[in-house]
Amino acid sequence: MLCCEKSLGGESMPGGENLVRVLDGSAVPGVKNLFGLSRQQLTEMMSEFGQPPYRVGQLLQAMFQHRIDSLDQVQTLPRGLRRELAEAGWTIDRPRIVETFRSIDGTERYLVAGQDGQTVETVWMPGGDGAEQGDARETGNLRATICVSSQVGCAVNCQFCLTAKLGLQRNLSAGEIAGQVIAVLERQAVQLGRDRINLVFMGMGEPFLNYDEFMAAVRLLVNEASLAESRMTVSTSGIVPGILRFAAEPVRPRLAISLNAPDDTIREAIMPITRKWKIEDVIQAAGQVPLRPRERVTFEYVLLGGLNDGLEHAEQLAGLARSAPMPVKINLIAWNPGPGISYAMPAPEQVAAFQQRLIARGVPAFIRRPRGRDIYAACGQLKRTVTEIQPALS
Ligand code: SAH
Ligand code: SF4
């Protein structure tokens, strides 16, 4: 049985915990955190302290642009107000990087802790998410991709994914999702405006089963941290009600669908969620998303050796892509191994042949270069793996 069956009925997890945090910005009941509250929530809260709306702008700028993480360091706010807020128990705590692992390829994997001490993983990939090469810091401006988590663990139970082994521990709050990005930008001394940062919501968890917090985090990152939504991509295992809500969002990242199989039979064997939503339902839902000029929906396809990597599968996949109601491109990901999962990595020549067959059928197809495999930072390897490897940094 799926560990998540009870929670797959709707687009968000059941939970009083979200209601609690809407009021105080924290994933932990009773902890009053301003970090993660929306502009509107902060405006209401500041008016209770008799403060004009421009104070909210100052506070958001301090947290998201200057990346200050302590209320008493926010010098744009009067000292008396800072004291008053602190006395009322308010903080501006963003998630903290508590452990860092560095790969030989420059990728860094972080354990990031929320206020209850639960950790998720965030990954920094200089030079892009595998499709681009090189760290351009020497040439003056940096390009990098940050891979962000949306839940502690995941309920979806894809058979090839290490995160699934954790089960779902809890949802992250908007502040915990956006805060991963701010913490990494600060650690890497990123200068927004000069450096080119992409975000992929492809870390631990299923973003569309934590929809409201995920989208609230996107809005914070776009509106307050000045990151472009067109440089963000969210990946979903195919939560149809979530995709339909997403289609109605005025501000949204690009969409990627983890297809991973050419037909429902294979998909159900590796992604039990297919019992709930078939490939066709997922593709039709994705077709509802109004795309920007030249935008395509990405189909992600994890190649599992001997299972879904045959040329006949490439033919079927090309058929799905060509009959989709929207323009698509395909990202091929060679399966990354993990302890306790017994699939096979595909042969490199098979991956290349699979890609060539898609291209021959007129479907744009790319191979995602694995990043940080040696530190368990690559796709599907995020499981807070700390025992197998020594931290390279602290
Ligand atoms: N939960 C979301 C986003 C996180 S997973 C989703 O499933 O889409 C990000 C991507 O990693 C997905 O496309 C998923 O299919 C892929 N993935 C999971 N485990 C993997 C593994 N062991 N090797 C390679 N890719 C994997
Ligand atoms: Fe969850 Fe994505 Fe892993 Fe599936 S692949 S278990 S949806 S994180």
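Per-structure values
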| quantity | calculated |
| --- | --- |
| Residue selected from segment 150-183 under the condition polar (S, T, N, Q), within 30 Å of S342 (Cα to Cα) and outside any loop (DSSP other than H, G, I, E, B), by the criterion nearest to ligand 1 (Cβ to nearest atom) | T163 |
| Residue in segment 102-109 that is in the same structural domain as L199 (by TED's automatic domain parsing), surrounded by 13 or more Cβ atoms within 10 Å (Cβ to Cβ), of a type outside the set (D, E, K, R) and assigned to a strand (DSSP E or B) present | no |
| Scope segment 332-358; condition over 18 Å from I266 (Cβ atoms) and near ligand 1 (Cβ under 9 Å from one of its atoms); matching residues | N336, P337, G338 |
| Residue under evaluation W124, criteria (1) within 13 Å of ligand 1 (Cβ to nearest atom); (2) crowded, with 22+ Cβ neighbours inside 10 Å; (3) modelled with pLDDT of 95 or more, criterion not met | (1) |
| When residues of segment 248-289 are limited to those that are surrounded by fewer than 16 Cβ atoms within 10 Å (Cβ to Cβ) and under 18 Å from the mean Cα position of the chain (by Cα), the one nearest to ligand 1 (Cβ to nearest atom) | E249 |
| Residue list for segment 343-354, restricted to those being away from ligand 2 (no atom under 16 Å from the Cβ) and either in contact (Cβ under 8 Å) with a residue 40 or more places away in the chain or in a loop (DSSP other than H, G, I, E, B) (or both) | A344, M345, P346, A347, Q350, V351, A353, F354 |
| Test: residue in segment 178-196 that is more than 22 Å from R143 (Cβ to Cβ) and in contact (Cβ under 8 Å) with a residue 60 or more places away in the chain | yes |
| Per-region count, segment 137-149, residues part of a loop (DSSP other than H, G, I, E, B) and more than 16 Å from ligand 2 (Cβ to nearest atom) | 3 |
| Single match in R219, R245, R267, R194 (criterion: on the phi < 0 side of the Ramachandran plot and modelled with pLDDT under 95) | R194 |
| Residue that is farthest from ligand 1 (Cβ to nearest atom) [pool: residues in segment 206-247 that are in a loop (DSSP other than H, G, I, E, B) and surrounded by fewer than 18 Cβ atoms within 10 Å (Cβ to Cβ)] | S226 |
| Residue selected from segment 184-205 under the condition away from ligand 1 (no atom under 16 Å from the Cβ), outside any loop (DSSP other than H, G, I, E, B) and of a type in the set (A, V, I, L, M, F, W, C), by the criterion farthest from C161 (Cα to Cα) | L192 |
| Only listed residue being buried (at least 16 other Cβ atoms within 10 Å of the Cβ), modelled with pLDDT under 95 and either within 19 Å of M204 (Cβ to Cβ) or not assigned by TED's automatic domain parsing to the domain that holds A261 (or both), chosen from R384, R369 | R384 |
| Some residue of segment 215-229 being touching a residue at least 60 places away in the same chain (Cβ under 8 Å), within 16 Å of ligand 2 (Cβ to nearest atom) and either out of contact with any Lys or Arg (no Cβ under 8 Å at 6 or more places or on another chain) or more than 15 Å from I146 (Cα to Cα) (or both) | no |
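Conditions (1) small (G, A, S); (2) surrounded by fewer than 17 Cβ atoms within 10 Å (Cβ to Cβ); (3) within 16 Å of E186 (Cβ to Cβ); (4) without any contact (Cβ under 8 Å) to a residue 12 or more places away in the chain, marked per residue:
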{"position": "G50", "(1), (2), (3), (4)": "yes, yes, no, yes"}
{"position": "L59", "(1), (2), (3), (4)": "no, no, no, no"}
{"position": "R79", "(1), (2), (3), (4)": "no, yes, no, yes"}
{"position": "L85", "(1), (2), (3), (4)": "no, no, no, no"}
{"position": "T91", "(1), (2), (3), (4)": "no, no, no, no"}
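The values are calculated or read from the model by the stated rules, or taken from the named source; none is laboratory data. Since we're looking at a predicted model, the values are computed, not measured. All Cβ positions, even for glycine, are placed from backbone atoms using ideal geometry, and neighbour counts span all protein chains on display.
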